[in-house]
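Enquirer: Just dropping this structure here.
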């Protein structure tokens with residue numbers, strides 16, 4: 001069994017286009033996967049431990065464990081066990097922090113390009129950590145000839161650091177605002193990567209017709225549930241328990257749109273909400289591809305002999 005570290009993963013230099021293609025492939029084939037709802041344990045309001053299993057094909061399955069401890073650096077941490085679903089053989093234990101950031105960013109960009117109005121330009125972003133960086137990096141890399149206006153919500157020195165991260169990109173211009181209302185109003189797309197929001201981000205009237213809202217970490221947009229024209233999600237099983245689920249005007253999975261079983265945006269005036277909760281099929285797909293890259297390229301990584309019994313044993 002291979003032990004694939006964070007450094008092993010990042011040294012592969014996997015580009016934005018590849019991440020987007022992996023996410024797109026898994027979204028299209030989602031119905032072929034076995035995906036139970038994740039187990040979420042929350043000993044306090046700020047701490048969680050999520051266990052996320054799935055089997056994505058006849059020979060690939062995995063279990064991802066992601067934790068959030070606000071006082072730790074980084075606060076989010078992820079680990080993934082990859083195994084051969086045909087025989088149960090354990091293939092690898094790998095750090096999943098890069099995977100989590102990049103697959104989440106790629107899923108957000110997939111929803112943006114699928115559901116935003118065609119002439120979208122102004123994108124509001126709040127919660128400017130790694131997930132937001134991954135999202136914008138993938139968007140800019142995939143659209144080098146398109147100019148974007150990005151509005152950032154000021155918080156500590158996050159906005160300034162975020163702008164500096166993208167200073168070498170010529171297809172983006174930034175502005176920084178101080179209030180949620182200024183962030184949301186007149187924006188074509190609103191992306192929130194804030195992990196914890198106790199109240200609604202913004203009153204109803206500031207979400208303009210045609211806006212697409214992508215709450216990566218879901219909280220802060222319950223008011224939108226009640227008046228937005230359409231709500232989409234990456235998985236029904238992960239959202240059907242939402243407080244306002246029965247009040248959604250229209251709901252479908254993103255995969256249904258991709259496969260022609262549901263309609264996405266049908267007019268430039270529709271307000272659309274995209275709840276991509278984060279499902280392990282993407283993580284396992286990424287992990288499987290990374291494992292194959294390590295194998296094919298003959299990259300030396302740590303090995304672990306777990307010395308599991310090879311014969312029936314008795315206690």
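The values are calculated or read from the model by the stated rules, or taken from the named source; none is laboratory data. No experiment lies behind these values; they were computed from the predicted model shown. Positions of Cβ are generated from backbone atoms using ideal geometry, with glycine treated the same way; all protein chains shown enter the neighbour counts.
Enquirer: Condition first: surrounded by fewer than 23 Cβ atoms within 10 Å (Cβ to Cβ), under 15 Å from the mean Cα position of the chain (by Cα) and farther than 20 Å from residue 290 by Cβ. Can you find one or more residues in the stretch 74-86 that meet it?
Expert: No, the stretch 74-86 has no match at all.
Enquirer: Follow-up. So which of 24, 54, 31 ends up being more than 19 Å from residue 86 (Cα to Cα) and either assigned to a helix (DSSP H, G or I) or under 17 Å from the mean Cα position of the chain (by Cα) (or both)?
Expert: Every option except 24 fails the conditions.
Enquirer: Then there's this: From the list 124, 159, 106, which one is surrounded by 19 or more Cβ atoms within 10 Å (Cβ to Cβ) and under 22 Å from residue 18 (Cα atoms)?
Expert: 106
To keep it simple, each residue is scored yes or no on (1) within 18 Å of residue 23 (Cα to Cα); (2) touching a residue at least 40 places away in the same chain (Cβ under 8 Å); (3) in contact with a strand residue (DSSP E or B) (Cβ under 8 Å, 6 or more places away or on another chain); (4) not assigned by TED's automatic domain parsing to the domain that holds residue 115.
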residue: 216; (1), (2), (3), (4): yes, yes, yes, no
residue: 229; (1), (2), (3), (4): no, yes, yes, no
residue: 233; (1), (2), (3), (4): yes, yes, yes, no
residue: 237; (1), (2), (3), (4): no, yes, no, no
residue: 243; (1), (2), (3), (4): no, no, no, no
residue: 248; (1), (2), (3), (4): no, no, yes, no
residue: 255; (1), (2), (3), (4): yes, yes, no, no
residue: 259; (1), (2), (3), (4): yes, yes, no, no
residue: 266; (1), (2), (3), (4): no, no, no, no
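Enquirer: Quickly run through the stretch 93-122 and pick out the residues that are touching a strand residue (DSSP E or B) at 6+ places or on another chain (Cβ under 7 Å) and closer than 15 Å to residue 27 by Cα.
Expert: 108, 111, 112, 115
Enquirer: Could you check the stretch 36-66 and list, in sequence order, the residues that are touching a helix residue (DSSP H, G or I) at 6+ places or on another chain (Cβ under 6 Å) and at pLDDT 95 or above?
Expert: 52, 54, 56, 60, 62, 64
Enquirer: Continuing with the same structure: Take residue 308 and decide whether it is surrounded by fewer than 19 Cβ atoms within 10 Å (Cβ to Cβ), over 24 Å from the mean Cα position of the chain (by Cα) and within 25 Å of residue 27 (Cα to Cα).
Expert: no
Enquirer: While we're on this one: Does residue 170 satisfy being surrounded by 17 or more Cβ atoms within 10 Å (Cβ to Cβ), outside the structural domain of residue 76 (by TED's automatic domain parsing) and under 27 Å from residue 98 (Cβ atoms)?
Expert: No, not satisfied.
Enquirer: Only one of (1) out of contact with any strand residue (DSSP E or B) (no Cβ under 8 Å at 6 or more places or on another chain); (2) touching a residue at least 24 places away in the same chain (Cβ under 8 Å); (3) closer than 24 Å to residue 185 by Cα; (4) surrounded by fewer than 22 Cβ atoms within 10 Å (Cβ to Cβ) is not met by residue 144, so which one is it?
Expert: (3)
Enquirer: Here is a check on your reading of the model: is residue 114 crowded, with 18+ Cβ neighbours inside 10 Å, in a strand (DSSP E or B) and modelled with pLDDT of 95 or more? Even if it seems obvious, please write down each step before you answer.
Expert: On the way: crowded, with 18+ Cβ neighbours inside 10 Å: yes; in a strand (DSSP E or B): no; modelled with pLDDT of 95 or more: yes.
No.
Enquirer: Determine whether residue 103 is in a loop (DSSP other than H, G, I, E, B) and touching a residue at least 40 places away in the same chain (Cβ under 8 Å). Don't jump to the end; show me each part of the working.
Expert: Values: in a loop (DSSP other than H, G, I, E, B): no; touching a residue at least 40 places away in the same chain (Cβ under 8 Å): yes.
No, not satisfied.
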